[in-house]
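Here is the structure we will look at, set down as structure tokens.
Read-outs throughout are calculated quantities, based only on the coordinates presented, and are distinct from any laboratory measurement. What you are looking at is a predicted structure, and each value in this text was computed from that prediction instead of being measured. All Cβ positions, even for glycine, are placed from backbone atoms using ideal geometry, and neighbour counts span all protein chains on display.
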Amino acid sequence: MLPVPEHHVAAAVTFHRFSYRYPDSPRWALQDINLRILPGEFVAVIGPNDAGKSTLCKCLNGIVPHFEGGALKGRVRVHGLDTRSHQVAELARHVGLVLEDPDAQLFAGTVLDEAAFGGENLGMEPDTIRTSVARALRAVGLRGFEDRAPATLSGGQKQRLTIASLLAMTPRVLVFDEATSQLDAEGSRHLMELVCRLKLRYKLTVIVATHDMALASAYADRVLALEAGRLAAFDTPERVFAGPDPSRFFRRAGGAASGRTAAVAADPLVDRCRIDVDALRCEYPGTVAVDDVSAGFAPGEFAGIVGRNGSGKTTLFKAIVGLLEPAAGEVRVAGRPVRTLDPSELVRRVGYVQQNPDHQLFADTVWKEVAFGPVNQGLDRAEVEDRVGRSLEIVGLPDKAQEHPLALGRSDRSLVAFASVLALDSAVILLDEPTRGHDVEGSRRVMEIACSLRDAGRTVIAIGHDLGLLCEYAERLIVMDAGRIVADGPTSEITREQTDVLEAAGVLTTHGAPYELAGAFADDMYDEEQICG
């Protein structure tokens, strides 16, 4: 039998001469987009920051325009439903959208309630909800977490929970807006393999916005490349990446990572600020997050920390900055236990850039945000202005000083949070997933800033999932697994001599089966009539 021509197949998603502009924005976020995505396709959406990837994702379930407002032209249809005339609640039956920030989608008291919420609001039968939720949680590796509060999960575990809550609703289109950015290498691969199984069996349409060229190459049927809101390419990965300069889809137009990093001033305090962690044990209700961890960090070193989601990396950082009281052991900063330091004194020594910048932003302008710390340190106006200006210059945002931080894109929000810590002139800088949400250019700029801090005598400790990038810049590598340090040494030695440890810790992966019960989930999670009827 001859294959049915593509133009005769009813499209899962159609954009017809579509353009969209956010309220009060001078430019179109998307311009004249025309494309058809077929049922059962896996489409990777690529492009540098501000290319329009997240906007395109939000068009698919009606967030654009129903929640965002703004001006639009043309049409978007999902399985025949016009997103302009159908509300988000109705589109949610067909489209599951996983946002980059899991905290924006989590609000229930327990993991079980979170995963069941969508099905309950769709009016699914209780027995169906119980069955689908159990399978969804097993599929993403959260079986046994049912009674945990989402707030106690790691960033990657939260992301997996948002995915499970959508899988339990059995949508026809799955959309991921940088949804693997908080997952470790093992978790990203498992998720993509699970999604591919569902796609193949039930002709689900999968759309993934990503900065990961390897992911796009390995899993996508077609790659949709955006540049400045316009469709630059829509073809197979082989053809898109074989074209002239495919790397342009992963960097901001006209940008350059090098040459944008201003000098970081040295500080006399740096010379005597060492971090020591001694037999540290940290607990959350029902779980031990960090177990008997000991490590020392000398002034002027750049250490990277890697490990799968939930291995205790962020918990270790929280203990270092005094946000979490350990159950046993202690952390010493410049020879003094953290518990004895006044918060204003501690922040002078240790600056913490969290993985979610929105947890650190609260002022109504970027300038005020970056100035908050120096002002509260009691510095005079001239010194405050100098620090703010220098910090914004370092991160490349001097022209955004009067903008609202939360109105910026994800990558720029993370840079504002980074600048606010730089302005404190802390002797030690903790960076938790500092490249998350950045394109290739932005990621390298962040790492170069970290190196300049190290060169100025500061201690830099960075958590990361991008092992290759972290190893390129950090001279020391710490590997964590199940709350313990399983390897610690020079980066070159760890990557050369302890690949088995890296693989066991979920940092390196080999091709194999996804999570244990993902196969069962893929085989019978969806009801055939619901999907195909």
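Okay, here's what the table says:
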{"read-out": "C-alpha long axis of helix 111-121 to longest principal axis of the chain, angle in °", "value": "30 degrees"}
{"read-out": "Separation of the residue 503 and residue 87 label points, Cα + 7 Å toward Cβ, nm", "value": "5.3 nm"}
{"read-out": "Kirkwood hydrodynamic radius (C-alpha pairs) into Stokes-Einstein, segment 1-115, 37 °C and 0.692 mPa s, D in µm²/s", "value": "209 µm²/s"}
{"read-out": "In sequence order, calculated HN-Hα J values of segment 425-437 (Karplus, 6.51, -1.76, 1.60; Hz; x Gly/Pro)", "value": "6, 5, 6, 10, 10, 9, 10, 9, 6, x, 9, 4, x"}
{"read-out": "Beta bridges per DSSP with both ends in segment 273-497, % antiparallel, nearest 5", "value": "55 percent"}
{"read-out": "For residue 305, residues with placed amide H under 5 Å, excluding near neighbours", "value": "462, 463, 464, 478"}
{"read-out": "222 nm mean residue ellipticity, helices alone, for the chain (DSSP H n ≥ 4; -39,500 (n - 2.57); rounded to 500)", "value": "-10000 deg cm²/dmol"}
{"read-out": "Net charge, residue 305 excluded, C-beta distance under 14 Å - Lys, Arg +1, Asp, Glu -1", "value": "-3"}
{"read-out": "Spin-label model distance (nm) - residue 484 vs residue 456, 7 Å beyond Cα toward Cβ", "value": "3.9 nm"}
{"read-out": "Total formal charge among the other residues, if their Cβ is under 11 angstrom from that of residue 357, Lys/Arg +1 and Asp/Glu -1", "value": "-3"}
{"read-out": "Segment 273-497 - charge dipole about Cα centre, Lys and Arg +1 at Cβ, Asp and Glu -1, debye rounded to 20", "value": "220 debye"}
{"read-out": "√(5λ) per eigenvalue of the Cα gyration tensor, segment 151-218, largest first, Å", "value": "19, 16, 10"}
{"read-out": "Principal-axis tilt of helix 155-167 within the chain, Cα atoms, nearest 10 degrees", "value": "10 degrees"}
{"read-out": "DSSP beta bridge pairing in the chain, given as percent antiparallel to the nearest 5", "value": "55 percent"}
{"read-out": "23 Å tail of the calculated P(r), segment 273-497, as % of Cα pairs", "value": "46 percent"}
{"read-out": "Cα point-scatterer Debye curve for the chain, base-10 log of I(q)/I(0) at q = 0.07, 0.08, 0.09 Å⁻¹", "value": "-0.40, -0.53, -0.67"}
{"read-out": "Normalised convex hull volume, segment 64-143, alpha-carbon set, Å³ per residue", "value": "126 Å³"}
{"read-out": "Mean separation of Cα contacts under 8 Å (6+ apart) over length of segment 273-497, as relative contact order %", "value": "29 percent"}
{"read-out": "Local net charge near residue 205, Cβ-Cβ under 12 Å (Lys/Arg +1, Asp/Glu -1)", "value": "+3"}
{"read-out": "Nonlocal Lys pairs with alpha-carbon distance under 28 Å, the chain (8 or more apart, or different chains)", "value": "16"}
{"read-out": "Cβ-placed point charges (K, R +1; D, E -1), dipole of the chain about Cα centre in debye, nearest 20", "value": "1060 debye"}
{"read-out": "Computed label-point distance, nm, for sites residue 214 and residue 281 using a 7 Å Cα→Cβ extension", "value": "3.7 nm"}
{"read-out": "Amide H contacts under 5 Å for residue 224, placed H, 5+ residues apart", "value": "44, 45, 46"}
